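Notes to accompany the following structure.
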Amino acid sequence: MATDDSDRYRAPALDKGLDIFELLAETDGALSQAEIAKSLERTPNEIYRMLDRLVRREYIRRTPEDRYEITLKMFELVHARPPLRRLVNQAMPLLQQVAQDAGQSCHLVVFDRNAAVVVAQVDAPSYWSLAVRVGTQLKLTSTGSGLVFLAFSSPENRALMLRGAGETMSPQVEAMLETIRRDGHTMMPSEQIAGVTNLSAPVIGPLGSVMAVVTSPYTERLDRDGREDRAHTLELVRAAAASLSKGRPED
């Protein structure tokens, strides 16, 4: 009898752990042990030890209500050095194209170790340029990149990100997130530097989560039509972010 190659090297314990992790990743909110067992068609005793190990390894957490939810650990691992290098390598030609076509600097931001961090940056081709250095940590609630991360994250991940970064959201910021989700980008005056408009768009991963943000700190040129030039730069930023996103027609 022929053997199905997919079952030739089965690892039941690993499959069980992945089933739990994937279930929690696809669920809004937290689940109890009984709810997890029922969804996976297993008994609570079958998954108890696996839940304990996943909690101890910090892939999931137990809430005060004795329920389980996913943490950001896998998100952080996805952005560990080798995948991050691949992302930066793929992003650099796109960032260079944005800078060349727009005449503006631009950068790529990821969420790493409880902070939004600039991991790639390209100067404008002109003699003057406003740029954010690689390695700069950005606030979540007061920068274009940070707000895009919050807007396109699930409520659970958003709460974890804010807690890790030591920030809280005001009602005004919450309202901004709804607008950013609707528009698919943000165009907002910088809260740090006068005369700068942050143009930011999300890079969406294969599971629909935000992986990174492309941002241009747009500075208005007196020798150009500011409104038309800013709109053109925003479209370039959005196109670059869409090209980096997985599972899009641009790929």
Practice task
First measure r as the distance between the Cβ atoms of M92 and E178, then evaluate 1/(1 + (r/R0)^6) with R0 = 35 Å and state the FRET efficiency to the nearest 0.05.
Solution key: 0.60
Completion exercise
Helix 155-165 sits off the longest principal axis of the Cα atoms of the chain, rounded to the nearest 10 on a 0 to 90 degree scale, by 70
Practice task
Quote the accessible area belonging to R53 in square angstrom, nearest 10, computed with a 1.4 Å probe and with ligands, DNA and RNA left uncounted.
Solution key: 120
Exercise for the section: Only helical DSSP H runs with n ≥ 4 go in: add -39500 (n - 2.57) per run for the chain, normalise by residue count and round the 222 nm mean residue ellipticity to 500 deg cm²/dmol. Expected result: -14000 deg cm²/dmol
Completion exercise
For the chain, the dipole about the Cα centre with charges only on Cβ (Lys and Arg +1, Asp and Glu -1), to the nearest 20 debye, works out at 700
Fill in the blank from the handout: Dividing the mean separation of Cα pairs under 8 Å (6+ apart) by the residue count of the chain yields a relative contact order in percent of 14
Problem - Vicinal HN-Hα couplings computed from phi for segment 178-191 (Karplus, 6.51 cos²θ - 1.76 cosθ + 1.60; Hz; Gly/Pro x) - result: 4, 5, 5, 4, 5, 7, x, 6, 10, 10, 9, x, 5, 8
Practice task
Using R₀ = 22 Å, calculate the FRET efficiency as 1/(1 + (r/R₀)^6) where r is the Cβ-Cβ separation of Q33 and E58; round to 0.05.
Solution key: 0.75
Problem - Residue with peak Gaussian network fluctuation, the chain [Cα springs, cutoff 10 Å], from L95, L23, L108 - result: L23
Exercise for the section: Identify the trypsin sites (Lys or Arg not before Pro) of segment 126-163 meeting these criteria: DSSP loop state and at most 10 other C-beta atoms within 10 Å of the C-beta. Expected result: R133
Exercise for the section: Work out which chymotrypsin sites (Phe, Trp or Tyr not before Pro) in the chain are exposed loop sites (DSSP not H, G, I, E or B, at most 11 other Cβ within 10 Å) and give the longest gap free of them. Expected result: 129-251
Completion exercise
Under a Gaussian network model of the chain whose springs join Cα atoms within less than 10 Å, the largest fluctuation of Q104, Q33, Q172 belongs to Q172
Problem - Positive-end residue, the chain charge dipole about Cα centroid, Cβ charges, pick of A239, G208, L72 - result: L72
Problem - Largest-first ellipsoid semi-axes for segment 82-246, taking √(5λ) over the Cα gyration tensor eigenvalues, angstrom - result: 24, 18, 14
Handout entry: Candidates T27, T215, T186, ranked by Gaussian network fluctuation over the chain, Cα under 10 Å, top entry
Key = T27
Problem - Coordinate range along principal axes, alpha carbons of segment 12-77, Å, largest first - result: 30, 27, 20
Problem - In Hz, Karplus ³J(HN,Hα) per residue of segment 10-18 (6.51, -1.76, 1.60; θ = phi - 60°; x = Gly, Pro) - result: 5, 10, x, 5, 5, 4, 4, x, 5
Handout entry: Dipole magnitude (debye, nearest 20) for segment 12-77, charges at Cβ of Lys, Arg, Asp, Glu
Key = 320
Problem - Cα centroid separation - segment 103-152 against segment 175-239, whole Å - result: 11
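The values are calculated or read from the model by the stated rules, or taken from the named source; none is laboratory data. Just so you know, these numbers come straight off a predicted model, no measurement behind them. Because the Cβ atoms are built from the backbone with ideal geometry, glycine has one as well, and the counts that use them run over all protein chains shown. Only protein heavy atoms, including side chains, enter the accessible area calculation; ligands, DNA and RNA are left aside. Shrake-Rupley method; radii C 1.70, N 1.55, O 1.52, S 1.80 Å.
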